[in-house]
Amino acid sequence: MEKAEWMLCESSVETVTFADGMEKVPNRIASEDAALTKVILPRSVTELGANCFEKTGITEFTVPKQLLKAENSFSESALASVSFEDGLQRIPDKLFRYAKNLKTINWNDTVTEIGEYAFADCDALETAEIPDIVNIVGYSAFAYCDNLNKVHLPDCNAKIGNNAFQECKALESVYVPVLAPPEDNFDGYYDGYGCGLFQNSGLKSIEFAKDTKLIPGSVCYGCKNLTEIKWPDAPESIGGSAFNNCPALPAAIIPDTVSVIKNSAFRDCTALAELHLPESLTSLGEAAFRGTTSLKSLYFPHELESCGSWAFTDSGVETLEIADGVTKIAKAFCYMPELRTVKFPDSLIEIGDDTFWDCTKLTNVTLPPHLETLGGRAFAGCSSLTEITIPKTVTKASWTTFESELDCPSGLQEAWLEDGMTSVPEQLLRNAENLRTVHIPASVTEIREGAFANCKSLTTVDAPQKSLKFWSGTFRNCDALDDERFAVCLDKDSFVNCTLSADGENKLMHYTVYYSVNPRFRKQMSDISLTVSTAWRADIIRESLPEDISAGQTGFSFTPEKPEGVIRFSVRAENVADTSVKVTLGVKQDNGYDTNGWYERNIVSSGTPAPALSLNAPNYAKTEAGKASFTAAGYAPAGKEVLLRVTNQSDPEIVAEKTVTASPYTGKFFA
């Protein structure tokens, strides 16, 4: 029978008897024989080949007790009723899969196991009254049975496989008895039997046996119509994604015995407006309530041993209250787009990493009086949080606590440090790029490294002290801060003028840098440097620099002989934007506590570039003995001739004229 496939395909044979000694019914042997209504199998047959009775007229079949293996054997046949021979213990995998007309299953007293996909895709099947003697139900055993509307699960601590009833759209209510406990080989996501049990089904209500301890993971994942959960008396754990994507579920009143809620347990339950977090909770998984857009307020009952990231991300929570007694929070409340107000307990001492990251509507924050630590990105990207008071107890912060995000700039504009603070912590407000004003109390004696670094909008440090101890990185890149107490150079003394001139396809920018070290910094100055940085597509014209200065690929640096002076140079590039430069004045201080630090400030341009042709010459020249002498200089397109004319004040007649050639390198001319 090795070549018996399709032997009776589309024939009119009504009865087939297989010879004794045959072990396997060949694949597709009677496929599409619509006249076939009866098959006689010998005891030797232990396997039904793939689709062997596909699309036949067989309406009834009794599974022999020796059958071990099958594969979609009655796919799309007329089979309407099945029975099992006494002695059969296991229904083989995929035996009746795709039996579209199967309506009746006549159970016996010996079947204890249902194989994987055994009754999957049986569209006409309406009832699955599984006897209590059955202790194993395989993976997807009744999956995709579109009209299945009544299910009885065996009440014997059965091992029910994943997705056993997934996509059963007509199933509206079910009772789940106590299932077998998890085994050692279960991992974190599929953490017990019954995972995905009714995934994407039509369930509206689910009831768990009163003694149930573990709610299976993904048990109701994607149940779009689920509105009711009847909880057991004392559950202890809710599995990962147990009720994920149940958009009709209005409430989750979780019993006070639950200690663990795993990842994504109630994720995307968009109608969830009422939530009770149990007092017994010790572990909350990642994204557990993510996307619960109808949830408007949240009470967080106590401190957890473990709290995953994004627990309430993308929720609709507007008001958050943290219970008294909680000492640390982190991660759970980031990316909450509607969060406006947070009420902290006095017990809180740490707001950890990512706590309110990108909560763009958060506006009302009063930090607790005993707070000690602000973690990384704790308030990063909070674009509506414009002001804050930092308690005097804060001793630790991160360089990202108030930083901007790509699409969510930091909104912080004004900060108050509480009276009584003596040392401003390192990195406290670093990278708060929109911070304009900070109020420092008289109690402060020092501002630690990086406290206000990269606060590029900071213009005002409101502090009564005439001088404060601070480090080289405290105000690094705070170029808008023109405060003589903190700025290495002041705007009135240090600035950059520039002149633009054309040179064929290339552009030339001529720079004059005026620099002067703030007198306050000169007292303890041990070294000085001036650095010019250019775009990588730009070239500094070597001939424009003093002889003792040489430029590299991205600029040049030198040590001025005096704390004030002027340096001129020219830059060539294809585009004007590429001719831009950054000028940094650095001073090394011998102050006894920051011995290796360079205090720096970027010198900004005084305005827009001057015109392409410029002239620096006196308006008038006094004559003596009929002669006058003076100097004229300026910039013109490189290598071009410039005609200079001198006229008499009272008579427009030309007195003298001279043609000079602008430098082919810098465009500078002189006469």
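Specify the residue that is most open to solvent (accessible area, probe 1.4 Å); the eligible residues are those in segment 558-577 that are of a type in the set (Val, Ile, Thr) and in a strand (DSSP E or B). Spell out how you get there, then give the answer.
Our first condition is that a residue be of a type in the set (Val, Ile, Thr); within segment 558-577, this holds for 559, 566-567, 571, 576.
With in a strand (DSSP E or B) added as a condition, the list becomes 566-567, 571.
Values: Val566: 72, Ile567: 8, Val571: 0 Å².
My answer is Val566.
Mind counting the residues in segment 108-134 that are open to solvent by less than 60 Å² (accessible area, probe 1.4 Å), outside any strand (DSSP E or B), touching a strand residue (DSSP E or B) at 6+ places or on another chain (Cβ under 8 Å) and over 15 Å from Ala158 (Cα atoms)? Don't jump to the end; show me each part of the working.
Taking segment 108-134 as the starting set, the residues that turn out to be open to solvent by less than 60 Å² (accessible area, probe 1.4 Å) are 108, 110-115, 117-125, 127-128, 130-131, 134.
This time we only want the ones that are outside any strand (DSSP E or B), so: 108, 110-112, 115, 117-125, 130-131, 134.
With the extra rule that they be touching a strand residue (DSSP E or B) at 6+ places or on another chain (Cβ under 8 Å), the set shrinks to 108, 110-112, 115, 118-119, 125, 130, 134.
Okay, now just the ones that are also over 15 Å from Ala158 (Cα atoms), so 108, 110, 118-119, 125.
The number of residues fulfilling the criteria is 5.
Considering only segment 435-442, I want to know if a residue exists there that is under 24 Å from Cys334 (Cβ atoms) and in contact with a Leu (Cβ under 6 Å, 6 or more places away or on another chain). Break it down into steps so the answer makes sense when it comes.
Of the residues in segment 435-442, the ones under 24 Å from Cys334 (Cβ atoms) are 435.
Checking the rest, the ones that are also in contact with a Leu (Cβ under 6 Å, 6 or more places away or on another chain) come to 435.
Checked segment 435-442: at least one residue is under 24 Å from Cys334 (Cβ atoms) and in contact with a Leu (Cβ under 6 Å, 6 or more places away or on another chain).
Does any residue of segment 493-513 turn out to be within 29 Å of Asp419 (Cβ to Cβ) and touching a residue at least 12 places away in the same chain (Cβ under 8 Å)?
The answer is no; no qualifying residue exists.
For segment 414-427, what are the residues that are surrounded by fewer than 16 Cβ atoms within 10 Å (Cβ to Cβ) and part of a loop (DSSP other than H, G, I, E, B)?
Asp419, Gly420, Thr422
Return the residues of segment 6-58 that are open to solvent by less than 60 Å² (accessible area, probe 1.4 Å), among the polar types (S, T, N, Q) and either in contact (Cβ under 8 Å) with a residue 24 or more places away in the chain or in a strand (DSSP E or B) (or both); say none if nothing qualifies.
Matches in segment 6-58: Ser11, Asn27, Ser31, Ser44, Asn51, Thr56.
Of the residues Val317, Val342, which single one is in a strand (DSSP E or B), open to solvent by less than 20 Å² (accessible area, probe 1.4 Å) and touching an Asp or Glu at 6+ places or on another chain (Cβ under 9 Å)? Full working, then the answer.
Values: Val317 fails: in a strand (DSSP E or B).
Just a single option satisfies the conditions, and that option is Val342.
I need the full set of residues from segment 457-481 which are crowded, with 20+ Cβ neighbours inside 10 Å and polar (S, T, N, Q), in order please.
Ser472, Thr474, Asn477
Suppose we keep only residues that are touching a strand residue (DSSP E or B) at 6+ places or on another chain (Cβ under 6 Å) and polar (S, T, N, Q) within segment 350-372. Which one would you say is least open to solvent (accessible area, probe 1.4 Å)?
Here the answer is Thr355.
Taking segment 452-490 as the search range and keeping residues that are more than 17 Å from Val517 (Cβ to Cβ) and outside any loop (DSSP other than H, G, I, E, B), which one is modelled with the lowest pLDDT?
Looking at residues that are more than 17 Å from Val517 (Cβ to Cβ) and outside any loop (DSSP other than H, G, I, E, B), I get Lys469.
Across segment 543-557, what is the total count of residues that are assigned to a helix (DSSP H, G or I) and surrounded by 14 or more Cβ atoms within 10 Å (Cβ to Cβ)?
Applying the first criterion (assigned to a helix (DSSP H, G or I)) to segment 543-557 yields 543-544.
After this cut, where a residue has to be surrounded by 14 or more Cβ atoms within 10 Å (Cβ to Cβ) as well, the list is 544.
Total satisfying the criteria: 1.
Going residue by residue through segment 165-175, is there one that turns out to be among the basic types (Lys, Arg), touching a Pro at 6+ places or on another chain (Cβ under 9 Å) and either open to solvent by 10 Å² or more (accessible area, probe 1.4 Å) or under 22 Å from Leu275 (Cβ atoms) (or both)? Give the derivation first.
At the first step, the residues of segment 165-175 found to be among the basic types (Lys, Arg) are 169.
Next, from what is left, pick out any that are touching a Pro at 6+ places or on another chain (Cβ under 9 Å): none.
No, the conditions are met nowhere in segment 165-175.
Right, Ile160: β-branched (Val, Ile, Thr) and within 17 Å of Cys220 (Cβ to Cβ) or not? Quick ask: steps written out before the conclusion?
Values: β-branched (Val, Ile, Thr): yes; within 17 Å of Cys220 (Cβ to Cβ): yes.
So Ile160 passes the test.
Does at least one position in segment 438-456 carry a residue that is among the hydroxyl-bearing types (Ser, Thr, Tyr) and open to solvent by 70 Å² or more (accessible area, probe 1.4 Å)? Show your work before the answer.
Residues of segment 438-456 among the hydroxyl-bearing types (Ser, Thr, Tyr): 443, 445.
The next check asks that each one be open to solvent by 70 Å² or more (accessible area, probe 1.4 Å); those that pass are 445.
Scanning segment 438-456 turns up at least one residue that is among the hydroxyl-bearing types (Ser, Thr, Tyr) and open to solvent by 70 Å² or more (accessible area, probe 1.4 Å).
Does segment 591-600 contain at least one residue that is more than 22 Å from Cys455 (Cβ to Cβ) and of a type in the set (D, E, K, R)?
no
Restricting to segment 373-396, count the residues that are closer than 14 Å to Leu417 by Cα, open to solvent by 20 Å² or more (accessible area, probe 1.4 Å) and either part of a loop (DSSP other than H, G, I, E, B) or β-branched (Val, Ile, Thr) (or both).
Of the residues in segment 373-396, 4 are closer than 14 Å to Leu417 by Cα, open to solvent by 20 Å² or more (accessible area, probe 1.4 Å) and either part of a loop (DSSP other than H, G, I, E, B) or β-branched (Val, Ile, Thr) (or both).
Checking the structure you have, find out if any residue of segment 143-151 is out of contact with any Ser or Thr (no Cβ under 6 Å at 6 or more places or on another chain), crowded, with 21+ Cβ neighbours inside 10 Å and of a type outside the set (A, V, I, L, M, F, W, C). Before you say what the answer is, go through the steps one by one.
Just the residues of segment 143-151 that are out of contact with any Ser or Thr (no Cβ under 6 Å at 6 or more places or on another chain), to begin with: 143-149, 151.
Cutting the leftovers down to crowded, with 21+ Cβ neighbours inside 10 Å gives us 143-145, 148, 151.
This time we only want the ones that are of a type outside the set (A, V, I, L, M, F, W, C), so: 144.
Yes, some residue in segment 143-151 is out of contact with any Ser or Thr (no Cβ under 6 Å at 6 or more places or on another chain), crowded, with 21+ Cβ neighbours inside 10 Å and of a type outside the set (A, V, I, L, M, F, W, C).
Quickly run through segment 125-151 and pick out the residues that are touching a Phe, Trp or Tyr at 6+ places or on another chain (Cβ under 8 Å) and on the phi > 0 side of the Ramachandran plot.
Ser140, the sole residue that qualifies.
Against the definition (modelled with pLDDT of 85 or more, open to solvent by 30 Å² or more (accessible area, probe 1.4 Å), farther than 30 Å from Ala662 by Cβ and not in a loop (DSSP other than H, G, I, E, B)), how does Arg520 come out, yes or no? First the steps, then the outcome.
Details: modelled with pLDDT of 85 or more: yes; open to solvent by 30 Å² or more (accessible area, probe 1.4 Å): yes; farther than 30 Å from Ala662 by Cβ: yes; not in a loop (DSSP other than H, G, I, E, B): yes.
For Arg520, the condition - modelled with pLDDT of 85 or more, open to solvent by 30 Å² or more (accessible area, probe 1.4 Å), farther than 30 Å from Ala662 by Cβ and not in a loop (DSSP other than H, G, I, E, B) - is met.
Quickly run through segment 59-87 and pick out the residues that are of a type outside the set (Ser, Thr, Tyr), open to solvent by 70 Å² or more (accessible area, probe 1.4 Å) and within 13 Å of Val39 (Cα to Cα).
So in segment 59-87, the residues of a type outside the set (Ser, Thr, Tyr) come out as 60-61, 63-72, 74, 76, 78-80, 82, 84-87.
Now narrow it down to the ones that are open to solvent by 70 Å² or more (accessible area, probe 1.4 Å): 60, 65, 68-69, 71, 76, 86.
If the condition is that a residue be of a type outside the set (Ser, Thr, Tyr), open to solvent by 70 Å² or more (accessible area, probe 1.4 Å) and within 13 Å of Val39 (Cα to Cα), then Glu60 is the only one that fits.
In segment 256-285, which residue that is modelled with pLDDT of 95 or more and acidic (Asp, Glu) is least open to solvent (accessible area, probe 1.4 Å)?
Among those residues, the one meeting the criterion is Asp268.
In segment 94-107, what residues are in a loop (DSSP other than H, G, I, E, B), surrounded by fewer than 20 Cβ atoms within 10 Å (Cβ to Cβ) and not hydrophobic (A, V, I, L, M, F, W, C)? Before you say what the answer is, go through the steps one by one.
Step one: list which residues in segment 94-107 are in a loop (DSSP other than H, G, I, E, B), which gives 94-103, 107.
After this cut, where a residue has to be surrounded by fewer than 20 Cβ atoms within 10 Å (Cβ to Cβ) as well, the list is 100-101, 103, 107.
Selection gives Lys100, Asn101, Lys103.
Only one of Ala621, Ala612 is within 30 Å of Met509 (Cβ to Cβ), out of contact with any helix residue (DSSP H, G or I) (no Cβ under 7 Å at 6 or more places or on another chain), at pLDDT below 85 and among the small types (Gly, Ala, Ser). Can you tell me which? Give the derivation first.
Numbers: Ala621 fails: within 30 Å of Met509 (Cβ to Cβ).
Going through Ala621, Ala612 in turn, the sole match is Ala612.
The values are calculated or read from the model by the stated rules, or taken from the named source; none is laboratory data. Since the structure is predicted, the reported quantities are computational estimates derived from the model, not experimental observations. For neighbour counting, all protein chains shown are included, and Cβ atoms are generated from backbone atoms with ideal geometry for every residue, glycine included. Surface accessibility is based on the protein's heavy atoms, side chains included, excluding ligands, DNA and RNA. Shrake-Rupley method; radii C 1.70, N 1.55, O 1.52, S 1.80 Å.
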